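Data block below; observations after.
The values are calculated or read from the model by the stated rules, or taken from the named source; none is laboratory data. A quick note: this is a predicted structure, and the numbers were derived from the prediction, not measured. Using ideal geometry, Cβ is built from the backbone for each residue, glycine included, and neighbour counts are taken over all protein chains shown. Note: areas computed on protein heavy atoms with side chains; ligands, DNA, RNA excluded. Shrake-Rupley method; radii C 1.70, N 1.55, O 1.52, S 1.80 Å.
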2 protein chains.
Amino acid sequence: MFFNLQNHSHTLIDPALAILLTNSPYDDLQMGRRSDHSREELKDLIIQATLEMVRERGADQVTARQIAQAVGYTPGMLYSIFINLQDIFLHVNQIGLRTLQSLCAEALKKNDSTEAAIKAMGLAYLTFAAQHTHQFDLMFTRHIQHPDSKPPGLSDQIRMLFELVEDQLRILNPSASDLQVKLAARALWSGVHGTAALRLSDQLYVDAPDADREIVDLLVSGFLRQWQHSPSSQH
Amino acid sequence: MFFNLQNHSHTLIDPALAILLTNSPYDDLQMGRRSDHSREELKDLIIQATLEMVRERGADQVTARQIAQAVGYTPGMLYSIFINLQDIFLHVNQIGLRTLQSLCAEALKKNDSTEAAIKAMGLAYLTFAAQHTHQFDLMFTRHIQHPDSKPPGLSDQIRMLFELVEDQLRILNPSASDLQVKLAARALWSGVHGTAALRLSDQLYVDAPDADREIVDLLVSGFLRQWQHSPSSQH
DNA sequence: GCGCTATATTGAACGATGTTCAATTAGATT
DNA sequence: AATCTAATTGAACATCGTTCAATATAGCGC
């Protein structure tokens, strides 16, 4: 599915193809490079190749050797750019969170009511989880232990996802305190996330085909009803 | 942390100790046994040893060789009783679900209102997740792909956990249909489970120390308010 | 154009993993 | 006591992530 170039010594790569692949082969080269890819390009190549394989087979069917082969290098090279295999997966998750967040943000627009907007966002969340099962699994249900260095702004992105919900909740109940809004957003989104997670592991056990969608609908409308009517002074 | 017996050939085990370990060494032996443990005892020993190690270090720090050493056998033996290492983990999860379910069932009793009962069950859920982090992680957030043979009644136990919630919901709104009760129970419990899962991976991002408890409180009271007032003919 | 140097990349190794299976061992049966 | 049969071994296999000395190459100064 990906391109293979493992012929560094014998066959030379077609220069035109090389340009196509790198699309900027004369970047800021400083020292003796063996391939046509800059450091940053290589990093992107690896992440993209890993992302593709994760989407196809799932994270635990993706090995370091496979990634290396997909980008036309040796496994050892990976460790000159990334700390770990987990480090690579962390960067893949970063992409996943970015797309998930933009999907949710997009779903918020073009809705009559705030409630409809939140529901649309919940459905977008479920849809992403259903369409990119393996990727969603890698993001949330697989426990990735952080390496020594913190993930590069990964937690910030989750925070931003929450803030989308918080904004909507603030609209509905402007007198609520910041802490209340934060808690409510997490309460609400825990429900959506929990539904997606349970559905992903086939643990919903309801006959209805669109059970997850109905559950989120129920969840959001129920929660918002009380959120709008709750006084700001509530415990 | 566990007992080691890897001296089958040279040193004989103290018979008193052996009885202590097996507590019924003369069961229904039929054929040539090498050790003092029956087939069923061995199965329990393995599961218990694995459970203990999972609780201490987490599932991905537990290897087949470690389990074998903990029960005083060779790795190969495990495969005469279990299909897989995953199969062992599945049985460990069975125990985990049993205790989690009994904890929840216990929390339901001795409460003034039905709402208080459900909240108590939610807190019990959170408490278990917090106290047995690694075990909870193995149960839910780690994606275990089922072997060929179905897990022995594992899904039934999750179903039973849901039924505890369903029973409470039925009390509050007796006119609701079966499907409505099922969906509502999953909506509600997805919130509780999602909260536990997010808290487990430190993705709640709220300063409050008991944020998870407050969230569940908010979630349950909000949801029940609409559940009691919703007509049975909804949607 | 030619060596020189610096470094990107290799490739082979290491230890550890889950799993298999022929060989062996020992209790039960005769 | 000999035999049978099943439990258990132990060594091997393939594969994994990861490391690192060795190597090959690209750009620099000349």
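Here region B:54-75 is the region considered, the condition is being open to solvent by less than 40 Å² (accessible area, probe 1.4 Å), under 21 Å from B:Phe128 (Cα atoms) and in a helix (DSSP H, G or I), and the residue that is nearest to DNA strand D (Cβ to nearest atom) is B:Ala59. Residues in region B:156-173 that are at the interface with chain A (Cβ under 7 Å from one of its Cβ atoms) and farther than 20 Å from B:Ala117 by Cα: 0 in all. Within region B:178-196, the set of residues being out of contact with any helix residue (DSSP H, G or I) (no Cβ under 7 Å at 6 or more places or on another chain) and free of Cβ contacts under 8 Å to residues at least 12 places away in the same chain comprises B:Asp178, B:Leu179.
Residue check, B:Thr11 against (1) open to solvent by 60 Å² or more (accessible area, probe 1.4 Å); (2) under 22 Å from the mean Cα position of the chain (by Cα); (3) modelled with pLDDT under 50, all met but one. Which one? Answer for B:Thr11: the failing condition is (2).
For region B:76-88, name all the residues that are assigned to a helix (DSSP H, G or I), more than 6 Å from DNA strand D (Cβ to nearest atom) and away from every other protein chain (no Cβ under 14 Å).
If the condition is that a residue be assigned to a helix (DSSP H, G or I), more than 6 Å from DNA strand D (Cβ to nearest atom) and away from every other protein chain (no Cβ under 14 Å), then B:Leu78, B:Tyr79, B:Ile81, B:Asp87, B:Ile88 are the ones that fit.
Here A:Phe223 fulfils each of the conditions (1) within 7 Å of chain B (Cβ to nearest Cβ); (2) in a helix (DSSP H, G or I); (3) out of contact with any Gly (no Cβ under 7 Å at 6 or more places or on another chain); (4) closer than 20 Å to B:Glu166 by Cα apart from (3). The residues in region A:98-133 that are in contact (Cβ under 8 Å) with a residue 12 or more places away in the chain and not in a helix (DSSP H, G or I) can be counted, and the count is 1.
Has region A:194-202 got at least one residue that is closer than 16 Å to B:Ser221 by Cβ, at the interface with chain B (Cβ under 7 Å from one of its Cβ atoms) and polar (S, T, N, Q)?
No, the conditions are met nowhere in region A:194-202.
Inspect all residues belonging to region A:27-46 and state whether any of them is modelled with pLDDT of 80 or more, within 12 Å of DNA strand D (Cβ to nearest atom), closer than 30 Å to A:Ala129 by Cβ and buried (at least 16 other Cβ atoms within 10 Å of the Cβ). No: region A:27-46 contains no residue that is modelled with pLDDT of 80 or more, within 12 Å of DNA strand D (Cβ to nearest atom), closer than 30 Å to A:Ala129 by Cβ and buried (at least 16 other Cβ atoms within 10 Å of the Cβ).
When the residues of region A:174-193 are filtered to those that are more than 8 Å from chain B (Cβ to nearest Cβ), among the small types (Gly, Ala, Ser) and within 16 Å of B:Asp207 (Cβ to Cβ), which remaining residue is least open to solvent (accessible area, probe 1.4 Å)? Here the answer is A:Ala185.
Pairs linking a residue in region A:68-86 that is on the phi > 0 side of the Ramachandran plot and not assigned by TED's automatic domain parsing to the domain that holds A:Leu154 to a residue that is open to solvent by 50 Å² or more (accessible area, probe 1.4 Å) and of a type outside the set (Gly, Ala, Ser), with Cβ atoms under 7 Å and 6 or more positions apart or on different chains, are A:Gly72/A:Asn4; A:Gly72/A:Gln6. For region A:142-152, check the following and say yes or no: at least one residue is within 12 Å of chain B (Cβ to nearest Cβ) and buried (at least 21 other Cβ atoms within 10 Å of the Cβ). No: zero hits. Looking across region B:203-220, the residues that are open to solvent by 30 Å² or more (accessible area, probe 1.4 Å), more than 7 Å from every other protein chain (Cβ to nearest Cβ) and not in a loop (DSSP other than H, G, I, E, B) come down to B:Arg213, B:Asp217.
Only one entry in A:Leu103, A:Leu78, A:Leu51 is of a type in the set (A, V, I, L, M) and surrounded by fewer than 19 Cβ atoms within 10 Å (Cβ to Cβ), namely A:Leu103.
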